[in-house]
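Contents: one structure, followed by commentary.
Here, each number is a calculation from the coordinates, and none is a lab measurement. Here the structure is a predicted model, which means the values were calculated and not measured. Methodologically, a virtual Cβ is constructed for each residue, glycine included, from the backbone with ideal geometry; neighbour enumeration extends over all protein chains shown.
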Amino acid sequence: MHLIRAFRPLRLRAFHTTPLSHLATLQQTPPPQPLSVAERHATGILRTDWTKQEVQDIYDSPLMELLFNAAKVHRLHFNPREVQQCTLLSIKTGGCTEDCAYCPQSSKYSTNVKASKLLQEDTVLAAAKKAKEAGSSRFCMGAAWRDLHGRKTNFNTILNYVKEIRSMGMEVCCTLGMLTPTQAQQLKEAGLTAYNHNLDTSREYYPKIITTRSYDERLETIANVRDAGISVCSGGIIGLGEKAEDRVGMLWTLATMVEHPESVPVNALLAVEGTPLGKQEPVQIWEMVRMIATARIVMPTSMIRLSAGRVRFSQPEQALCFMAGANSIFTGDKLLTTPNNAYTDDQKMFDVLGLVPKQANHRQGSDKFLDVGEAPKVEAKKGELFIEG
Ligand code: SF4
């Protein structure tokens with residue numbers, strides 16, 4: 001009260017003593033400029049015509065500005081309390097003929113990963129059931145293969161796994177290497193929700209990471225998946241020795257696809273001894289936050305998945321990633337062959353942060369309701385904004 005009394009006369013005096021010429025100058029003062037490029041682009045409108053420079057400018061925005069504006073965009077399209085839990089199971093481990101420089105499953109490198117055959121049905125279905133009981137809404141199956149060529153029996157077995165897990169009410173995802181249009185169609189008919197095929201990095205840096213599969217082959221598989229009406233899951237890895245412009249290049253490629261991937265995994269390299277990248281320095285949390293926030297702004301309706309490397313981040317660090325727009329994590333003790341956060345730790349984190357598991361969404365792939373270029377319809381509910389539909 002005393003403070004108000006003390007300041008009020010001062011404000012009045014200032015008003016009364018302002019000459020008219022000064023008021024005219026004040027009226028002509030242009031409105032303040034946006035604080036950052038991130039703020040200018042934080043509209044939440046779906047765009048596929050980003051220029052690389054725009055993505056770079058967003059990425060280069062002052063970090064707290066970037067974080068704040070990504071959080072704003074996140075709230076335009078999602079309930080920020082909901083985080084999807086996905087469980088990833090390696091159904092066929094190791095012995096892969098590809099030479100991805102980060103991967104301990106490549107047969108080109110000497111690591112402690114042992115090659116194994118396709119897991120049996122009872123093992124896979126038991127893992128899916130356990131994941132569902134633990135709160136996962138999506139079950140992903142990964143096989144260390146270049147493609148499905150000459151693997152008809154195994155592919156038929158996997159199609160059956162897809163059917164069985166879908167009938168449990170879960171979203172089902174696979175990552176099995178390159179796909180032909182026919183194989184993608186078969187997976188769609190079996191009930192596959194999403195297919196993961198990462199770009200890994202920028203087109204320019206890619207040849208330093210993989211030489212056995214081209215960038216265009218990756219894009220072709222992604223197109224085959226999309227054309228079959230399956231949701232695309234595609235992202236990449238940071239910490240491979242790439243520059244900031246490569247991170248931007250990868251996000252730009254994803255954000256200018258004819259349709260944004262439904263989910264975008266952002267992985268931080270977990271360097272594994274024996275691989276060519278075994279001695280890479282760990283990714284810092286601020287690099288991860290910058291990457292996630294930029295992805296959230298340029299692909300506002302995609303699920304942004306905080307993926308490999310999460311095990312290295314503390315609970316407050318992960319909270320920053322969720323604030324930046326990440327709304328999906330992998331749960332389970334392992335991510336294919338590398339360690340992951342303990343399930344009980346994740347439960348505690350959800351409790352502390354007030355997060356809730358996101359329910360399965362079967363309206364994906366060809367059933368999607370948002371068209372490219374169309375701003376999403378939003379409605380207010382209890383003071384927050386959600387997508388209709
Ligand atoms: S990342 Fe996949 S394709 Fe590359 S070596 Fe590992 S298992 Fe093979």
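Assorted remarks:
- From largest to smallest, the equivalent ellipsoid semi-axes obtained for the range 39-387 from the alpha-carbon gyration tensor read 28, 23, 21 Å.
- Full-stretch length increase - E245, T29 - with 0.36 nm per residue and alpha-carbon distance subtracted: 74.1 nm
- Residue exposure sequence - T93, T211 - by fewest surrounding Cβ within 10 Å: T211, T93
- Over 28 Å (Cα to Cα) - which of K108/K129; K132/K188; K72/K132; K72/K163; K132/K348 fall in this group: K108/K129; K72/K132; K72/K163
- Bridge type composition, the range 39-387 - antiparallel percent by DSSP, nearest 5: 15 percent
- Over the range 39-387, Cα pairs under 8 Å with separation of 6+ residues give a relative contact order of 27 percent.
- Using only alpha carbons, the range 191-250 has a radius of gyration to Kirkwood radius ratio (Rg to Rh) of 1.02.
- Taking the fewest neighbouring Cβ atoms within 10 Å as the starting point, the ordered list for F350, F313 is F350, F313.
- Residues V352, V298, V258, V113 arranged by fewest to most Cβ contacts within 10 Å: V258, V352, V113, V298
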